[in-house]
Each structure stands twice: as structure tokens, then as C-alpha cells.
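Every read-out reported here was derived from the displayed coordinates using simple, explicitly stated rules and does not represent laboratory data. What you see is a predicted model; the values in this text were computed from it and never measured. No Cβ is skipped: glycine too gets one built from the backbone with ideal geometry, and neighbour counts run over all protein chains shown.
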Amino acid sequence: MHLYDVPLVFALIGLVLYTVLAGADFGAGAWQMLAGRGAAGERTRDHAHRSMGPVWEANHVWLIFVLTVMWTAYPTAFGSIASTLSVPLLLAGIGIIVRGAAYALRTGAESPRELRAIDRASAVSSIVTPFALGAAVGGIASRRVPVGNAAGHLFSSWLNPTSALIGGLAVATSAYLAAVYLAADAVRVGDRDLERAFRARALLAGVLAGAIALGGVAVLHSDARPLYQGLVRGAALGALVASVLAGAATLALVWWRRFEAARYTAALAVAAVVAGWGLAQHPLLLPGLTVARAAAPHDTLVAVVVAVIAGGALLFPSLGLLFGLLLRGHLDREPGAAQPVAEGRAILAASAPGLLGRAAAACLVAGIGFLTIAEQPWAHALGVAALLAFVVLGFFALESADQARL
Amino acid sequence: MLVATPLAAALAPVHQRYLLEARQMQALSFAVHIPLVCFGIAFPALVLFVEWLHRRSGDELYLVLAKRWSKVMLALFAVGVITGTILSFEMGLLWPNFTATFGSVFGLGFAIEGFSFFMEAIFIGIYVYGWEPLSPRLHFASGIPVVIAGFTGSLMVISVNAWMNHPSGFRLHGGKVVDVDPLAALFGNSYLWHELVHMYVAAYIVTGFLVAGVYAIERLRGSWGRYQRTALAIPLTVAALAAPVQVLVGDWAARDVARSQPVKLAAIEGLAKTTRGASEHVLGWYTGGQVRDGIAIPKLLSLLAFHNPNATVKGLDTVSPARRPPVNVVRVAFQLMVGIGTALALLGVAYLVVRTRRRRLPQSVWFYRALAVAGPLSVVALISGWIVTEVGRQPWVVYRVMLTSHAVTGAGGIPVGHATLALVYAGLAAAVLWVLRRLARAPLELTVAS
Ligand code: HDD
Ligand code: HEM
Ligand code: HEM
């Protein structure tokens, strides 16, 4: 592997994580549509919402990650892809807006009727978004995105058999992942009915996703021959076989109610498909454009790789913390009830407001001198620091020492 | 710097009939995203401060306030996330040639920003859902990364914008981008600092005045317990301190603009000809090469821009008409920002005087009426400032290197996309207002007497 391949591997890993994590979120949205009316339906929809609440935003950042890595490391390819596939990408963007807005709105809803309306909007967008993103991937994989500014067809680049296949697969996979995830969550909160319901859905969606994937081989054979040929040999074939095995294992695990383990094998199945795609297409990114030629200059690639590794060192422990709290059931309740009051401690109360206030005034004078009257960069830096100190000190003078008097 | 060689863009530029729509679609998306982002930057610090007051005093009221604010923070954050996602799509949907040509130079900023967003999203989830399960100390600690990430996130985005305004960190060789040094491009840029500080302070002004404005309206409607007084005073104090500071920072920004982007300054001031000892015009309308019906203050412009009443200020005549931004858009936006900024600073000073001298909140009804409009006005100032920066840079997307018309997509259907997005945003705005009102209406869980 060369340096110029590394960011692509990062982007593909990001894509897998987005598919698995945000996919489960979209799937949960889609299941809300089929939950039906009445108390049982409401419980289902509520469950779907609650399990996703704390992780919703974090899951969606993976898409941002993929986009930014792509445009930094393979700018020409990114420009070509985004301009040709503008329609599905805009659709996906709007879908994400609706899904996110529905999520924010749910905190304010009061009556079941409002909740149902919100969930319906969220469900539609949860189907449209993965389909549109999958269709865009299908356009790239079937070589319908040439290099150039909107050089491909505005519609046939994403309305074609391969795009339909991958879009459909994305929807089915999302539904499947969500059902597995929600079944596991139902076990955790000890709700047998919900567990049974989502287990059945997981099995159904899993079989469906498997059927689409297998039938898809024929579609690729006729519609995307180069991709097909790449997929049926070498390491790519190995990846496909691994994916089939992982998929089958997941179904079996769901059958035996081992939902926790099933999550990981499902992720593995998705990862193997994405890896297979990458391997089958290598070394081409777009028709006539190799990864090597698409890659940014050396210094940029080094900077991206270093940034991603450093960022990952911060990110993964934090994600671990979040999911750890979530899976142990610590984040199940919405904020609301009071908690015991902590021991009071006086930190700044000891310092008299007058002293802080005088220090703040001094900082203001210094700030004006250094920022507004002086001209050197170092003086400006001091001036900014002094002005920020003015705001902070002034704030504590009034709101910390004086607040209780109001 | 790089004016000598014309740029050979990575993808062949195409003629786009709807360039103006593309620009407006971009402007619309920013105008929606940036006010939300102010809450992402400034609100966590306020919530955390209130939680700290609770921990220090044991007073239940602060806890109730912090919890209610944290719900609002989460809802606004979610909307910030989705509008930001649209913006990242638009980098490719609207300006593929900008991204294709310069992604290797500026993209790193966004890539690092991505991690900032991750940290913010993760810890905001832990913070808002973690009130009960976490120990008070841990819970407080989980809010700190949110504050830091709000800062680093804006740092990264602004480093990109500063680079577009003052490009460096690469060379053009035969029209191609070579010798790329992304770190120098993003962080070795003198233009970054005033933009960053000005935006960061703006975020506290916008958040502070908007939140305080909500309780000012409650007071005008007659509900004025200790809860409302506290919830008004804390954000108001921040905004009142920040507003005068913003005038100083804005003046610094103007001096930087005078040095690095003389044409933008000429548009801001409506200065047609290069002038020695230039005067400043307040109000008025630019037409036929001069400002009409404005008030001229002799030599003030030279003094403000270069600290010398006789300094020469470059006019619009230094570039050909095709290379000038639309003067009145930039000029009016600038005057709006400065006018509002000055008014907010005065309001802030009035409050600070009452607060420090009399040790209480102002009592005049007019103060609370002014406060109710201060929030929306600060948003107007915020957007106006961005209009000055972005429209003032036109017709360049990368100043003196790449024209916006060369950056734009060749795809059809921009008006359709624009209209769709405008509708979606209108729905989004209605939805956000609805949910905020709902959250505000929820009964207070106060056990203490107010
Ligand atoms: C609450 C918001 C707010 C307020 C009260 C002000 N500004 Fe501002 N201004 C902004 C919010 C803003 C901003 C955050 O929207 C901008 C856009 C880009 C930037 O760096 O900050 C901006 C840009 C901006 C620019 C252009 C910078 C550039 O292109 O790089 C100048 C010259 C000023 N401002 C000057 C001022 C002055 C002299 C003010 C005094 C009253 C002022 N601003 C108040
Ligand atoms: C990275 C940070 C960027 C920031 C912070 C930023 C900020 C803004 C803002 C706030 C506006 C709205 C002004 C208004 O309301 O009219 C705006 C407008 C605009 N921006 Fe930027 N922008 C950024 C990047 C970009 C990029 C990547 C492009 C395109 C390549 C771009 C090109 C434009 C254009 C063409 C407009 C519309 C100007 C007009 O209406 O004449 N900006 N920008
Ligand atoms: C081209 C310009 C911009 C792009 C592409 C962009 C992109 C994004 C994205 C993708 C998010 C969501 C992050 C997440 O998923 O958590 C976001 C949020 C955010 N953006 Fe922007 N943005 C732009 C302009 C700006 C500007 C002008 C600012 C102003 C300082 C800003 C500051 C932030 C902050 C602080 C957040 C955190 C979310 C929040 O607190 O609401 N962005 N942005």
C-alpha cells in the first residue's frame, strides 16, 4: 500500500462506520413507519427514538468525515463525483435535514398525534436518504461518473440498475441493522414483547438484504461488467465470501437471540462488501483516473494521515465512553428529575467582586492600548488576550460573586 | 501575490447560467447555519457556568436552569449539525471546481474540524443525557470538551475562510497548484486572527442577547421571579461585556482588511478613487462614483485604516470594473453591522453601569424592550458581517486567484435545488421555533420559592 492509498482506506472505514451506525439510525426511523397506531405502535416508536437519542449526532459525523477526507486527499475525484451526482446528494442532504429536525422536534412533542406526524416525516426521510446515498455509490461503482465538472449525466448517473441495487441494499441493510440493534436494546430494558417484535423484523430484513445482495450479482453482471469482473477474482472474491458468511452468521445469531454478537457480525458483513468494492475497483477511482493520480500532493497526504491518526486517538476512547454508557443503560432517561444536591463549595466567592472588577477594568485599558493603538502583531495578540480577560473577569465579578443578590 | 499566472483549474471551468442562484443558495445556507452555530460555540460555556454555580452554592434553582438550557442546547445543536452537513455537501454540489483545485490546500482544516465535531457531538450526548447517572463532578467534566470543541470547530472553519480571503501556502506553476503546504496555508495566515476573534466574540453576543431577550419578554409579560432574573442576568452580562469589545475587534478587522484587501475596503467605504487623506462617509448611497446623501467626516478613513490622517487609501479604480464587488451590498451591510454593533455596545455599557453602581438589574421598561430586540438585531449584524466578508471578496472565491465563476458547478437544475432548499429551510425554521416554544412552556420543576 502506498501513502496515496491510506486516506482512501480511512474514507472506506468511515463509510463502513457510517453505514453501520447511521444506517441503524435510518433503519430505526424506517421501522417507526411500520410500527402502526395505538399504544403498542407508540411504544415501538418511542423505543426506536430513545435508543438513538444520545448517539444520533455522533453517528452522523462519520459522513462529514468521509466527505472531508475525500475532498482533501482526492480533490479532483471529489469535485467530479459531487457535480455529476448532485441530485442524489441533494436528496440525501434534505433527507438528513428532515431526519435531524424530527429528532429535535420529538423533545417538544406532547400529544400522540404530534408524535405520529413527526415520526412519519422521519420515516420517509430515513428511507430516502440511504437510498439516495446508495444510488450515488452505484453511479461511481458502475463507472457512470467521468472526470470533469458535471461531466456525467444528471439522471442516468444514479437512476440505473446498479444504483437501484445498491440503494435498495442500503435501505434493507439499514432496516436490518436497526432491528438487530433495537432487539438488543429491548433485551437490556427487559421488554420481551419488543424483543420478539424486533427479532422477527431483523430476520425478515436480513433475509431480504441477503436476497437483494445475491440477486445483485446478476445485475452487476449485465450493468456493471468491469465491477463484476473485479469482484469475482482474487482478494475481492475473498471479501465477498467473507461477507456472505458473516451475513449468514448474523441471521443465525439473531435466531438464537444473541443480539449483541449479531451486531458485530453484521458490521463485519458490511465492511467486507465495502472492502470488496474497493479491491474490485483498485487502482481506479473514476474511469481513467487512478488513485495515485487523483491523490493530493505528498505534504497534504502526510498532514491528513497524521491528523486522522491523532484525531482517532482522541476520538475512539471518547466514542468508547459514549457507547459504554449507552450500552450499560446509563443514558436511558431524558433529563428531568432532580438529583441530590452536591455539597456547596466556595471558590471565587472569597474574592471580592470589587477586586475582580478592578482587574477587569485594567485589562480593558490594556486591551485598547495593545489592540487599537499599537500596530505590531505581538501587541495585537496581547490586546486580544487582555480583552478576553476583561470579559471573563468582568463576568465572574458580576455573576459569580454578585449573582445571589439579584 | 499570485496574480501573474492565470490559474488552470483542476476541472475545466464551464459556463453556468445560474451562477447568481448558486451564490444565493450558498448565502442562504450560511445564513441559516451561522446563527445556530453561535449557540454551539457559546451556550455550552453558559450552561456549564450555571452548573458550576449550582455545585458551588447547592442552590436548586441553578440546577433547574442548567437542565432546561441543556435541552435547548441539544435541540439547537442537532439543527446545527444538519445545516452544517448541507454546507459540506454544497462544497461539492455548488463549487466542485473550487474543491477540486484547492481541496489539497484547505481541506485539512475541515478534516480536523470533523474531529472537533465528533468530540462536540459525543460529549454533548453524554452531558445532556448524563445528568442522573454521572457523578456531579464527572458530569461537569463531560461539559468541558464541548466548550473546547466549539472553539476548535470555529477555528478550523475560519482558517479556511481566512485562507480564501488571503491565500497562501501554495504556488502556481504554469497555472497548476504546486508546493502545497496545508499547515502554512491554514494557520500561518495573518488574516485568520481577526476573523476568528471577531466571530468568537460575535457568538457570545448573539447567544447572550438572544437568551436574555427571551426572559426580557417574560418580564414585559409580567413573570419576573428569581428564576427569570437569574436566567436573564447571566447571558446578558456576557453579551454586555462582549459588545464593547467587539467594536475594538471590528476596528482591528477593518485595519487588516485595509492592508490585505484594499478593494474590499474601498467597497465598504464607497471610495471610487485612490485618495490621500480620505474622508469617512456615514450613511448615504453609492452611485455614479461617489456616496450621495451621506455625512462626510474629513480624513477619518485614513486615520482609522492606517492611523495616519494623511495616508493614501486605495480606491475601486485600482482594479477593472469587472473585478469590483457590488459596492452598495457591501457598504449597506457594513453600515448595518457597525450601527447595530455600536447600539449593542451602548446598551451593554448602560447595563453594566446600573449593575455595578446600583447592584441590581435595570428597572426601566424601555431597557427590557431594547433587550427584546437586541437579540434579533445581533443576528442581523452577524449575517451582515459575513456579507461584508464574502460579497466584499467577489468576484473572487479565492482572492485574486480563482474567480467564483470558475469555481461553480456545471450541473443543471440549480434553481430547482435552490427553491427546494429554501422551502426545507422555511419548514426547519418553523419547526425550531415550535420546539423552542414548547420547551419554554414546560412547567418549571422548581421546589424553591422564587
Ligand atoms: C454580532 C455580530 C457583530 C458585530 C456587533 C460587529 N461585527 Fe463585524 N463581523 C461580524 C460580526 C459582527 C462577523 C462575525 O459576521 C464577521 C464576518 C467575518 C468575520 O470575521 O466576522 C464580521 C466582519 C467584519 C469585517 C470584515 C472582516 C473581513 O472581511 O475579514 C469588518 C471590517 C468588521 N466586521 C468591522 C466591524 C466593526 C467596526 C464593528 C463595530 C461596531 C463590528 N464589525 C461589529
Ligand atoms: C469556510 C468557510 C466559509 C465561510 C465561513 C463562509 C461564509 C459565508 C457567508 C456567511 C456567506 C453569506 C453572506 C450572505 O448572507 O449573503 C457567504 C456567501 C458566499 N460564500 Fe462563503 N464562506 C465560506 C466558504 C465558502 C466557499 C467554500 C465558497 C465557494 C466556493 C464560498 C463562496 C461564497 C459565495 C459565492 C457566497 C455568496 C456571495 C454572494 O451572494 O454574492 N464561501 N459565505
Ligand atoms: C463552508 C463552511 C462550513 C461548513 C462546510 C460547515 C460544516 C459544518 C458541519 C458539517 C457541521 C456539523 C458537525 C457535526 O455533525 O457535528 C457544522 C457544525 C458547526 N459549524 Fe459549521 N460549517 C461551515 C461554516 C461554519 C461557520 C462560518 C462557522 C462559524 C464559526 C461554523 C462553526 C460550526 C460549529 C461551531 C459547529 C458545531 C455545531 C454546533 O455547535 O451547532 N461553521 N458545520
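Computed values, structure above
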{"quantity": "Hits among lysines - C-alpha to C-alpha of B:K264 under 28 Å, sequence gap 8 or more where chains match", "calculated": "B:K176, B:K273, B:K299, B:K314"}
{"quantity": "Reciprocal mean inverse distance between Cα atoms of segment A:78-199 - Kirkwood radius, Å", "calculated": "16.1"}
{"quantity": "Shape of the protein assembly as shown, Cα gyration tensor, a/c cut at 1.5", "calculated": "oblate"}
{"quantity": "Cα gyration tensor category, rounded, prolate or oblate, for segment A:58-135 with a/c compared to 1.5", "calculated": "prolate"}
{"quantity": "Highest-MSF residue in chain A out of A:G93, A:G394, A:G288 [GNM, Cα springs under 10 Å]", "calculated": "A:G394"}
{"quantity": "Sequence of B:V178, A:V302, B:V50 once ranked by neighbouring C-beta atoms within 10 Å, starting from the fewest", "calculated": "B:V178, A:V302, B:V50"}
{"quantity": "Cβ-defined net charge surrounding B:A253, 13 Å radius [Lys, Arg +1; Asp, Glu -1]", "calculated": "0"}
{"quantity": "Volume per residue that the Cα convex hull of segment A:163-218 spans, once the total is divided by residue count, Å³", "calculated": "49"}
{"quantity": "Peptide-level mean, for B:32-42, of C-beta atoms on other protein chains within 10 Å", "calculated": "0"}
{"quantity": "Sorted largest first, extent of segment B:314-450 alpha carbons per principal axis (Å)", "calculated": "65, 40, 21"}
{"quantity": "Chain B: Cα Rg divided by the 2.2 N^0.38 Å rule of thumb", "calculated": "1.04"}
{"quantity": "Kirkwood Rh in Å, taken over segment B:131-252 so that all alpha-carbon pairs contribute", "calculated": "17.7"}
{"quantity": "Fewest-first ranking of B:L352, A:L237, using other Cβ atoms within 10 Å as the exposure measure", "calculated": "A:L237, B:L352"}
{"quantity": "Only Lys, Arg (+1) and Asp, Glu (-1) charged, at Cβ; chain A dipole about Cα centre in debye", "calculated": "940"}
{"quantity": "Cα coordinate range in segment A:3-292, projected on the principal axes (Å, largest first)", "calculated": "56, 38, 34"}
{"quantity": "Radius, Kirkwood style, for segment B:18-110 when every pair of distinct Cα atoms is counted (Å)", "calculated": "15.6"}
{"quantity": "Centre separation in Å (Cα based) which lies between segment A:83-107 and segment A:178-230", "calculated": "23"}
{"quantity": "Size of charge dipole - segment B:77-225 - debye, nearest 20, with Cβ of Lys, Arg +1 and Asp, Glu -1, no other charges", "calculated": "180"}
{"quantity": "Longest exposed-site-free window of chain A, the sites being chymotrypsin sites (Phe, Trp or Tyr not before Pro) in a DSSP loop that have at most 15 other C-beta atoms within 10 Å", "calculated": "A:1-154"}
{"quantity": "Footprinting exposure proxy for B:L271, A:L89 (fewest neighbouring C-beta atoms within 10 Å first)", "calculated": "A:L89, B:L271"}
{"quantity": "Neighbour net charge for B:A216 - beta-carbon separation under 12 angstrom, K R +1, D E -1", "calculated": "+3"}
{"quantity": "Global geometry of segment A:215-336, whether rounded, prolate or oblate, following the gyration tensor of its Cα atoms and the 1.5 cut on a/c", "calculated": "oblate"}
{"quantity": "C-alpha long axis of helix A:377-395 to longest principal axis of chain A, angle in °", "calculated": "80"}
{"quantity": "Listed residues A:A205, A:A296, A:A366, most fluctuating in chain A (Gaussian network, C-alpha, under 10 Å)", "calculated": "A:A366"}
{"quantity": "Gyration tensor (Cα) of segment B:197-329, equivalent ellipsoid semi-axes in angstrom", "calculated": "40, 16, 13"}
{"quantity": "Listed residues B:V373, B:V332, B:V47, most fluctuating in chain B (Gaussian network, C-alpha, under 10 Å)", "calculated": "B:V373"}
{"quantity": "Calculated SAXS-style log₁₀ I(q)/I(0) at q = 0.11, 0.16, 0.26 Å⁻¹ - segment B:96-186, Debye, Cα scatterers", "calculated": "-0.44, -0.68, -1.19"}
